[in-house]
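Undergrad: Below: one structure in structure tokens.
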Amino acid sequence: MENKKFYITTPIYYPSDKLHIGHTYCTVATDTLARYHRLRGEDVMFLTGTDEHGQKIEDKAREAGVTPKEFVDRIVEGSGGVLDLWKLMNISNDRFIRTTDGYHVQSVQRIFKRMHDNGDIYKGTYKGKYCKPCESFWTESQLADGKCPDCGRAVTDAEEEAYFFRLSKYADRIRDLLENTDFLEPRSRVNEMVKNFIDPGLEDLCVSRTSFSWGIPVDFDPGHVVYVWVDALSNYITALGYENDRYDDYGKGWWPGVNIVGKEIVRFHSIIWPAMLMSLGEPLPKKVFGHGWLLLDGGKMSKSKGNVVDPYILAEKFGVDALRFFLMRTFPFGSDGSFSNELLIQTINTDLANDLGNLVSRTTAMTGKYFGGHLPAGCRDWASPEPWDTDLRNTVAALRDAYERDMESFAPHKALEDVFKVIQRANKYIDENAPWKLSKDMEANGGRLAHVLYTLLEVTRICGVLLTPFMPESMNKLFVQIGASSGCQTWDSAAQWGVLPEGAAVNKGENLFPRVDTAKALEELEAAAEAAREAVVRPNIEIEPQLTEKVDFDTFCKSDFRVVKVKACDAVKKSAKLLRFTLDDGTGVDRQILSGIHQWYEPEDLVGKTLVAIVNLPPRKMMGLESNGMLISAVHTEKGEEALHLLMLDDAIPAGAKLC
Ligand code: MSP
């Protein structure tokens, strides 16, 4: 029989800036769910990617002086970019889509044409409000205090010829989908959508733009580019091969899949996306789950506010798995949560170092110390169980089902709560049995001690299996330490007792989750955050602002700029800065100019160069020498230091030529 197919996606990210811990949260959560389904033995397809079109990207690229494609390439593929971050975070996506990929572009053109041909897209005039950062159109009634209801920023008036999608036609079907099915979760998001968007009446949606060009062209009407959300939402099916030849997985049991998205984009996924699919006659997603935000200082993280947390710094400091775990353990998946370094360190110390770390290290150390790393035959069973044996066994026996219910209802935080209750129970079991006392008389108590340790190893194994989707690397190490081979790591085995062989080789290896020194770590993180803030305030390259005061043309013409050739150049004695230039200025009489640029140039390197000087400044004395004019240079600040470049011209230009 074929395995069950499971298709899960994250939103595709805007590569307009480096990704932060909020983006990481969403992708780690989706990765955890994907790994959970793989653990169950399902065939999983996990998709993520980047959403690369739109005016925001076009503007940013212009500011950076590169093409939009060069701009996004750098953020997606460059060092420290999106791909690097997902690799670091051990994200197990099967596919990565970029909306600039040729096959996607072709599919979107076909999707747009199909909706046009079936009458759902028509031409009209767009009049309304546009939020540039969010790439969202709004009607007057949707604005919050005249501002964008998503980000609170100012909106602009917009009017242009545009194509419209007949969203209004699908209003009743969307209402039914939201209210009468569990298509959208958590339920609270349904109420938000119905109240804010469906009840006031769904209006047709503007789905093309003519005011910028960085988008997918409407192939039957050049000059229009496809609205970025129609382009982006289509990715979930184009990545499977819908309307393209790049992949052949559409219609093969993957779609419909599950779309995991952040709460501010639920509107697009639960209204526009199903309406597009209805128009195309394709199945709707199985589920859209809208998770909450990670907040910092009470607000949403954003690069422009300068309040982002860098996942690279945290992963390097605490380890990738500790960071993954923290994100899933601490914040209920459907709600907002406040990020803080204190909370992160506290979670690592309490759950990982104390509870899980201690259970593993005490159990493996005692198995090594009392039994040389191999428990004796017969340790699996104990004829007259103590009440705490029964209690622990019952707790573990209920674990996998509870965990499964939680994971199936998109509550990974609850699944972890279940696992950690068992881990805490197991630590208590160590104290209840006091193995160190049992070990004093091995002849009398050796059998009981072996059974206690076997029980602890089994509990650790089962918890390890269920923690694998959250901390894959560390659980692999844990399995080596407790001697659990692949057969002891399966989903089925997590519901069975006594799977670990009695004589399995147990080794106390490295400490999986070292304790964090809170004060020291907080200090280091604060220093790193300060450096990052400074980098925002003081970017690597600064140029002086342009003067706003105007000079009239005649005044400007009074400055006499000439081409000069360097005949000789030497350092002025007793001056660290000054160079003395002997220049040919075309008059036949040498001109002497002093310039404070020794820091940037060696005199011998300048002889023979063709430079520019202003020659009608009044003479000036420096270090007892006269300077007649000034050499022209370009200056800027780089990494806080002044940089200077003499203006050098083509040597073919004769000395004395006037610049005008
Ligand atoms: N490009 C669109 C998605 C198109 S999907 C067809 C987009 N991109 S985004 O890069 O701005 O955001 C991607 C995801 O990151 C969104 O789901 C968003 O909610 C999530 N997050 C961004 N900041 C976040 C937090 N601070 N906390 C949690 N998730 C957040 O939207």
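Undergrad: Using the Cα centre as the reference, give the magnitude of the dipole from point charges on the C-beta atoms of segment 355-483 (Lys, Arg: +1; Asp, Glu: -1; all else neutral), rounded to the nearest 20 debye.
TA: In total the dipole reaches around 320 debye.
Undergrad: Please list, in order along segment 394-406, the HN-Hα scalar couplings obtained from phi with the Karplus expression 6.51 cos²θ - 1.76 cosθ + 1.60 (θ = phi - 60°), rounded to whole Hz, x for Gly and Pro.
TA: After applying 6.51 cos²θ - 1.76 cosθ + 1.60, I find 5, 4, 5, 4, 8, 5, 4, 5, 5, 4, 4, 4, 5 Hz.
Undergrad: Still on this structure, please answer the following. So, R0 is 25 Å and r is the distance between the beta-carbons of ASP117 and GLU160; what FRET efficiency does that work out to, to 0.05?
TA: Calculated transfer efficiency: 0.60.
Undergrad: Which value in deg cm²/dmol, rounded to the nearest 500, describes the helix-derived mean residue ellipticity at 222 nm for the chain, given -39,500 (n - 2.57) per DSSP H run of n ≥ 4 and division by the residue count?
TA: After summing the helix terms and dividing by residue count, I get -11500 deg cm²/dmol.
Undergrad: While we're looking at this one, here's another question. Got a sec? How would LYS147, LYS508, LYS4 order by Cβ neighbour count within 10 Å, fewest to most?
TA: Fewest-to-most ranking of LYS147, LYS508, LYS4: LYS4, LYS147, LYS508.
Undergrad: Given the C-alpha centroids of segment 480-503 and segment 8-74, what is the distance between them in whole angstrom?
TA: 36 Å
Undergrad: Looking at the chain, what % of its DSSP beta bridges pair antiparallel, to the nearest 5?
TA: Beta bridges within the chain, antiparallel portion: roughly 70 percent.
Undergrad: Give LYS195/LYS287; LYS18/LYS252; LYS56/LYS129; LYS18/LYS87; LYS56/LYS127 a once-over and call out the pairs whose C-alpha atoms are over 25 Å from each other.
TA: Check vs 25 Å cut-off fails for LYS18/LYS252.
Undergrad: From Cα pairs below 8 angstrom and at least 6 apart in sequence, can you work out the relative contact order of the chain, rounded to a whole percent?
TA: So the answer I get is 11 percent.
Undergrad: Arrange SER384, SER627, SER338 by Cβ neighbour counts within 10 Å, fewest through most, would you?
TA: Ranking SER384, SER627, SER338 by Cβ neighbours within 10 Å, fewest first, gives SER384, SER338, SER627.
Undergrad: Would you list ASP43, ASP101 from fewest to most Cβ contacts within 10 Å?
TA: Placing the least packed residue first, the sequence is ASP43, ASP101.
Undergrad: Give the aspartates and glutamates whose C-alpha is closer than 13 Å to that of LYS317, dropping any in the same chain fewer than 8 places away, or say none.
TA: Excluding near neighbours in sequence, the set is ASP517, GLU523, GLU524, GLU526.
Undergrad: Dipole of the chain, Cα-centred, from +1 at each Lys and Arg C-beta and -1 at each Asp and Glu C-beta, to the nearest 20 debye?
TA: 660 debye
Undergrad: Once you order the gyration tensor axes a ≥ b ≥ c over the Cα atoms, which shape class does segment 300-448 get: rounded for a/c under 1.5, otherwise prolate or oblate by comparing a/b with b/c?
TA: prolate
Undergrad: With θ taken as phi - 60° and the coefficients 6.51, -1.76 and 1.60, list the Karplus ³J(HN,Hα) couplings across segment 483-493 in order, rounded to whole Hz; mark glycine and proline as x.
TA: For segment 483-493, the Karplus-derived couplings read x, 8, 7, 4, x, 9, 10, 8, 4, 4, 5 Hz, x marking Gly and Pro.
Undergrad: Ranked from highest to lowest mean number of other Cβ atoms within 10 Å per residue, what is the order of the peptides 199-205, 260-266, 82-88?
TA: 260-266, 82-88, 199-205
Undergrad: Could you tell me how far the Cα centroid of segment 155-233 sits from the Cα centroid of segment 520-595, in Å?
TA: 52 Å
Undergrad: Under 14 Å from the Cα of LYS60, which aspartates and glutamates turn up, not counting those fewer than eight places away in the same chain?
TA: ASP17, GLU52, GLU70, ASP73, GLU135
Undergrad: Could you give the C-alpha radius of gyration of the chain expressed as a fraction of 2.2 N^0.38 Å, taking N as the number of residues it contains?
TA: So the chain has a normalised radius of gyration of 1.29.
Undergrad: Another question, then. Using only alpha carbon positions, build the gyration tensor of segment 410-459, then give the equivalent ellipsoid semi-axes as the square roots of 5 times its eigenvalues, largest first, whole angstrom.
TA: In descending order, the three semi-axes are 30, 10, 5 Å.
Undergrad: Could you name the lysines whose alpha carbon sits less than 20 Å from that of LYS567, not counting residues in the same chain fewer than 8 places away?
TA: Output for LYS567: LYS577, LYS609, LYS658.
Read-outs: derived from the displayed coordinates by stated rules, not from any lab. Treat the numbers as computed from the prediction; the structure is a model and nothing was measured. Cβ coordinates were reconstructed from backbone atoms using ideal geometry, including for glycine residues, and neighbour counts include every protein chain displayed.
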